[in-house]
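The values are calculated or read from the model by the stated rules, or taken from the named source; none is laboratory data. A quick note: this is a predicted structure, and the numbers were derived from the prediction, not measured. A quick note on method: Cβ atoms are made from the backbone with ideal geometry, for glycine too, and the neighbour counts reach across all protein chains shown. Please note that ligands, DNA and RNA were not included when accessible areas were found on the heavy atoms of the full protein model with its side chains. Shrake-Rupley method; radii C 1.70, N 1.55, O 1.52, S 1.80 Å.
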Amino acid sequence: MSAMNKSSRHMIRLQVNGQESEIEVEARRLLVDVIREDLGLTGTHIGCEHGVCGNCTVILNGEAVNSCLVLAVQADGAEITTIEGLGQQGGLHPLQKAFKKQHALQCGFCTPGMLVNAYDLLKKSPNPGREDIKGAIAGNMCRCGCYDNIVEAIEGAATELSGKKKPSEAP
Amino acid sequence: MKPAPFNYFAPESLKEAITLLERNHGTSKIIAGGQSLLPLMNMRLATPETLIDLRNIDGMKQIREVNGFLEIGAMVTHQRIMTSTLVQEKCPLLAEAAGHIAHRQVRNRGTIGGSVAHADPAAEFPTVVTALDADIKIEGPGGEHWLKPAEFFLGFMMTTLQPTDILTALRVPVSPPRCGWSVQELARKENFFAIAGAVCLLQLSQNRVVDVHLGIMGCSPAPLKPLQAEETIRGQELTDDLLAKVADLISEQVEPESDLHGTKAYRRAMAGVVTKRALKEAHHRASEGRQ
Ligand SMILES: Cc1cc2nc3c(=O)[nH]c(=O)nc-3n(C[C@H](O)[C@H](O)[C@H](O)COP(=O)(O)OP(=O)(O)OC[C@H]3O[C@@H](n4cnc5c(N)ncnc54)[C@H](O)[C@@H]3O)c2cc1C
Ligand code: FES
Ligand code: FES
């Protein structure tokens with residue numbers, strides 16, 4: 001019976017938000033649990049554990065992924081960015097500022113996943129259209145239903161980050 | 001929930017992976033992107049004793065053109081297929097289908113080999129592979145062989161893959177010039193699994209359809225290539241009468257199940273509707289000469 005089995009154990013190296021760590025993990029542990037429990041980075045949330053809510057989004061080797069659908073051992077040697085890696089010391093990231101300004105959250109449970117995913121989106125496409133933004137956050141659920149404000153906030157941050165004015169603000 | 005315990009290996013060669021599969025015959029599972037397997041393991045619907053990860057094996061991550069085919073390694077992700085200019089140019093249907101799979105977090109990990117091996121009849125890649133009659137490369141203890149979709153897909157999430165086999169690559173025919181393509185899906189939410197869906201690649205010559213490939217998803221135990229409908233269209237002009245006839249043929253041929261998202265009768269009717277939409281869009285693109 002597999003339930004009586006023991007998981008193999010593995011030493012893994014992770015570079016999370018620029019910081020190296022070496023951790024011993026059981027093969028069956030999910031990356032999200034190691035991030036939260038072993039590294040104490042509880043900004044990354046868990047909603048569904050099967051890839052549909054996006055709350056656990058982190059950036060793994062330059063790609064936004066659901067960390068509930070990655071085993072920690074699979075991330076051995078990886079560079080990871082979590083929500084804690086977004087704001088610099090003493091200052092919010094422009095995306096975080098935009099979320100605040102646009103009221104893009106109510107309870108805030110979905111916010112870390114939304115921000116990390118949007119951060120990755122803007123790295124790859126600095127000037128996304130509204131439809132691109134909607135498509136990009138299709139895998140992030142907001143149970144408070146702040147979607148309109150979220151899209152607005154991401155659009156605003158993109159405008160600020162890329163130094164371009166919105167068409168309405170153009171001279 | 002969390003996965004039940006298992007032993008994990010990440011071999012660096014295909015040979016080593018096959019040896020591990022032989023040694024753990026029937027109790028092991030391959031993990032590729034993990035986007036179908038890990039949800040099942042998290043819910044303990046799957047409890048393999050051994051996981052063999054393909055991530056460290058070289059040679060399964062390339063996309064290249066060989067003799068009129070695109071050869072795509074099993075470990076190429078959905079996102080790469082969607083954004084690859086080579087795929088967009090040489091097999092636009094495949095690139096467009098990739099964009100219909102889930103959302104970016106899933107597409108960034110999920111692989112084409114995993115999707116085809118998983119054989120969900122509502123999934124995009126198995127349907128495109130079936131429509132285009134692509135070749136599927138299998139490697140196992142006895143060496144390598146190639147299979148056609150009809151020899152590979154058996155039924156709902158069932159294939160002829162043996163417990164010691166690894167799907168290593170796919171060969172998809174390069175689309176001819178002046179062809180049109182379309183992916184049409186009816187889903188509750190954009191990029192969810194289709195309740196009914198159709199893919200189409202079509203070639204025109206002077207307003208006649210000289211060649212057409214169709215695939216129907218979500219409406220039969222395995223992805224469906226409706227040969228009779230294709231035959232009915234070949235050599236014809238795509239008139240409204242012909243479209244109606246083809247929709248009827250498809251609705252008769254599919255074998256849908258009822259579930260939460262749609263009844264048998266609804267799926268039957270919608271299979272015809274999405275096929276018509278796919279044919280129309282593909283025809284439109286072909287006549288615009290887009291490629
Ligand atoms: C929220 C969500 C939404 C999704 N929506 C869609 C969708 O709309 N359309 C769609 O098509 N898919 C969808 N998927 C599934 C996704 O596309 C998966 O990536 C895909 O089905 C499996 O590929 P994988 O690489 O993740 O395989 P894995 O999950 O690693 O493996 C799946 C199965 O295939 C086997 N396997 C994997 N690779 C090989 C190989 N090379 N040789 C032999 N056997 C192998 C494994 O043993 C396992 O049984 C969704 C997934 C999630 C979580
Ligand atoms: S917890 Fe990972 S997607 Fe929901
Ligand atoms: S703000 Fe509450 S779930 Fe999004």
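Assorted remarks:
- Value at 222 nm in deg cm²/dmol, rounded to 500, when DSSP H runs of n ≥ 4 in chain B each add -39,500 (n - 2.57): -10000 deg cm²/dmol
- Normalised contact order of region B:1-105, rounded percent, pairs of Cα under 8 Å and 6 or more residues apart: 25 percent
- Computed over region B:63-173: relative contact order in percent, which uses C-alpha pairs under 8 Å that are six or more apart: 30 percent
- Note on chain B: with a GNM built from Cα contacts shorter than 10 Å, the maximum mean-square fluctuation among B:L40, B:L201, B:L93 falls on B:L40.
- Accessible surface, per residue, of region B:179-287 when the full set of protein chains is kept, probe 1.4 Å, Å²: 47 Å²
- Top of B:E12, B:E281, B:E65 by mean-square fluctuation, Gaussian network on chain B, Cα under 10 Å: B:E12
- A helix-only calculation puts chain A at -8000 deg cm²/dmol for mean residue ellipticity at 222 nm, using -39500 (n - 2.57) for each DSSP H run of at least four residues, averaged over all residues.
- Compared with the alpha-carbon gap, the fully stretched path from B:T27 to B:R208 is longer by 59.9 nm at 0.36 nm per residue.
- Cα Rg, Dmax (largest Cα-Cα span) when computed across region B:63-173, Å: 13.0, 38
- Computed label-point distance, nm, for sites A:D132 and B:D241 using a 7 Å Cα→Cβ extension: 4.7 nm
- Area buried, chain A against chain B - accessible surface, total, 1.4 angstrom probe, square angstrom: 2900 Å²
- Using a Gaussian network model of chain A in which every pair of alpha carbons under 10 angstrom is joined by a spring, one finds that among A:T42, A:T57, A:T111 the greatest mean-square fluctuation is at A:T42.
- Under 5 Å, built H, 5+ apart or other chain: amide partners of B:V209: B:G235, B:Q236, B:E237, B:L238
- Here the relative contact order of chain A, from alpha carbon pairs under 8 Å that lie six or more residues apart, stands at 21 percent.
- The order of the peptides A:14-25, B:155-166 by mean Cβ neighbours within 10 Å, most packed first, is B:155-166, A:14-25.
- Amide H contacts of B:L70 (H built 1.01 Å from N, in plane; Pro and chain starts excluded): B:V172, B:V174 sit under 5 Å, all sequence-distant by 5 or more or on other chains.
- Region B:45-79 versus region B:168-233: alpha-carbon centroid distance in Å: 23 Å
- Antiparallel DSSP beta bridges within region A:3-85, percent to nearest 5: 85 percent
- For chain B, with all protein chains in place and a probe radius of 1.4 Å, 50% of the accessible heavy-atom surface sits on carbon or sulfur.
- Region A:47-74 and region A:89-154: distance between their alpha carbon centers, rounded to Å: 17 Å
- Rounded tilt (10° steps) of B:14-23 against the dominant C-alpha axis of chain B: 70 degrees
- Compared with the direct C-alpha span, the chain from B:D248 to B:L227 gains 6.2 nm at full extension, assuming 0.36 nm per residue.
- Full extension of the chain between B:R234 and B:M158 yields a length gain of 24.2 nm, computed as 0.36 nm times the residue separation minus the alpha carbon distance.
- Taking a ≥ b ≥ c as the square roots of the eigenvalues of the Cα gyration tensor, chain B is classed as prolate, since a/c reaches at least 1.5 and a/b is larger than b/c.
- Principal-axis tilt of helix A:147-162 within chain A, Cα atoms, nearest 10 degrees: 80 degrees
- Interchain or long-range residues, amide H under 5 Å from A:A78's placed H: A:Q15
- Lysines with Cα under 28 Å of A:K124, excluding same-chain neighbours fewer than 8 positions away: A:K97, A:K100, A:K101, A:K134, A:K164, A:K165, A:K166, B:K61, B:K90, B:K189
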